[in-house]
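Beneath this line is the structure, given in structure tokens, with notes to follow.
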2 protein chains.
Amino acid sequence: MFNRILNNFARHVTLDQDEADYALSLLKYKNVKKHTMLLRNGETCRKIYFVTKGCLRLYYTDKEGKDHIISFMPENWWAVDIASFYSQKPATYNIEALEDSEVFELTYQDQEKLYEKVPKFERFFRILTQNGFILYQRRIIQNLSQTAEERYEKFRRRYPKLEHRIAQKHVAAYIGVTPVFVSVLRRRR
Amino acid sequence: MFNRILNNFARHVTLDQDEADYALSLLKYKNVKKHTMLLRNGETCRKIYFVTKGCLRLYYTDKEGKDHIISFMPENWWAVDIASFYSQKPATYNIEALEDSEVFELTYQDQEKLYEKVPKFERFFRILTQNGFILYQRRIIQNLSQTAEERYEKFRRRYPKLEHRIAQKHVAAYIGVTPVFVSVLRRRR
DNA sequence: CGCGACGTTGATTTGCCTCAACGATTGTGG
DNA sequence: CCACAATCGTTGAGGCAAATCAACGTCGCG
């Protein structure tokens, strides 16, 4: 049950038994049904989530009511509105489950405790943020330089098999076209 | 001469005299002429730069030879290819001076020393990365949801007065349109 | 001074959008 | 568990935003 998350920690830090146990003791397991909102824009993001099963989406709803997806979080991804979480102020984004999912929650306060007791986790979360930073830079370049067709292809590579698990309209909201146009793109191949 | 950078540190960490002196001792001042390349794609990014005068650009050149600008760095901004810097592997981006500029350099090795001697700087650079992360998320949303005209407006607000200091083609490469179309946009107002 | 990079403007083309109509699939209440 | 509604995906027609192409004026620099 804890394997996925321990492996995830191990990607960036080495923990002894006590450190691992302490970290796990702060995490709360949660089963979330499809369509559950884990964060709503305007609320404060009080938890960071690690996904062990299913898939979440982090997205923005504009004034016209259209959704734009920043990122999907399938298994082994972390989900959070980072601006809201670290400032503990109202969120601009939403987090929703796209499938029946299983997550581990870590509250803001518990993360602080974790940093204090096991400083290695500062490093761990810094690297996570850094990796996200790098991914987002690439995504900006993609959106500036590539056609919808190329972005669709990149989406498939970044999230293997995910396109068959989620609605096409979410793919559209991620690559930045209308659902109608995704339909046209699929026909072309 | 060191005021700008000390103020920049002070935004996120509080330093005593010794800590400030030590940090400054690792920084090397450099005068860079317009058009100087501080980093070329393929080279390893060995330094992080703090700009005290002028303006740099961080950009990607695609297979067709077109430039796409991730970010401008005028006074008080930090410039680096973060993926290359932290992995010490070849860069995918370029950094170039758009004006005669003045920067402070900090090498990878010296940053490591700094982290060791003054751990507060781990926090400082983590917050910088976090802020960049947040900005990039917003930019992705903007590119997905807004027209060229709106993105032009946002560019002006993010970088006040900068549009009069740099070539229009660089504005175009930042907002993701052709220089020709920026010309059309300007005429409209 | 003259060349090359830059910006402007107009004509034409294209990528993607909007609107609308229609099956298919999903979900829900009786 | 079925019936009906709602949501989703597909397809086509027409429209608009931005690209491309090309010609020309201007500026900065060697």
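Return, ordered by residue number, the residues of region A:38-69 whose backbone nitrogen is under 16 Å from a label point located 7 Å along Cα→Cβ of A:Lys113.
From region A:38-69, the list is A:47-48.
Along Cα-to-Cβ, 7 Å out, sits the label point; list in nm, shortest first, how far the one on B:Leu26 is from those in the other copies.
2.6
Going by alpha carbons, how many degrees (0 to 90, nearest 10) lie between the helix axis of B:17-26 and the longest principal axis of chain B?
Around 60 degrees separate the two axes.
Using only the alpha-carbon atoms, what does region B:18-99 span along each of its principal axes? Please give whole angstrom values in decreasing order.
50, 29, 17
Let me know the Kirkwood hydrodynamic radius for the protein assembly as shown, please, with Cα pairs as the basis and the value in Å to one decimal.
It is 22.4 Å.
Against the longest principal axis of chain A, how steep is helix A:179-188, in degrees 0 to 90 to the nearest 10, with axes from Cα atoms?
70
Test of understanding: extend the Cα→C-beta vector of A:Lys53 to 7 Å, then name every residue of region A:78-105 with backbone N under 18 Å from that spot.
A:78, A:97-105
Report, for A:Gln88, each distance to the same residue's label point in the other copies, shortest first and in nm; define the point 7 Å along Cα→Cβ.
3.9
Do me a favour and compute the ellipsoid semi-axes for region A:41-189 from its Cα gyration tensor, root of five times each eigenvalue, largest one first, whole Å. Walk me through the numbers before you get to the answer.
Working: eigenvalues 175, 51, 45 Å².
Over the Cα atoms of region A:41-189, the semi-axes work out to 30, 16, 15 Å.
Any idea what the B:Gln109 label distances to the other copies are, label 7 Å down the Cα→Cβ vector, nm, shortest first?
4.7
Okay, helix-only estimate at 222 nm for chain A: each DSSP H run of n ≥ 4 adds -39500 (n - 2.57), divide by all residues, round to 500 deg cm²/dmol; what do you get? It would help to have the intermediate numbers written out before the result.
Values: 8 runs with 89 residues, N = 189.
So the helix-based figure for chain A works out to -14500 deg cm²/dmol.
Quick one: helix B:148-158 against the long Cα principal axis of chain B, what's the angle to the nearest 10°, folded into 0 to 90?
It works out to around 30 degrees.
Please figure out what share of the DSSP beta bridges in the protein assembly as shown is antiparallel and state it in percent, rounded to the nearest 5. Display every interim value, and only then the final one.
Values: 54 of 56 bridges.
Percent antiparallel among DSSP bridges in the protein assembly as shown is about 95.
Bear in mind these aren't lab numbers, they're just calculated from the coordinates by the rules spelled out. Since the model is a prediction, treat every value here as computed from it, not as a measurement. Ideal geometry is used to build each Cβ from the backbone, glycine not excepted, and the neighbour counts take in all protein chains shown.
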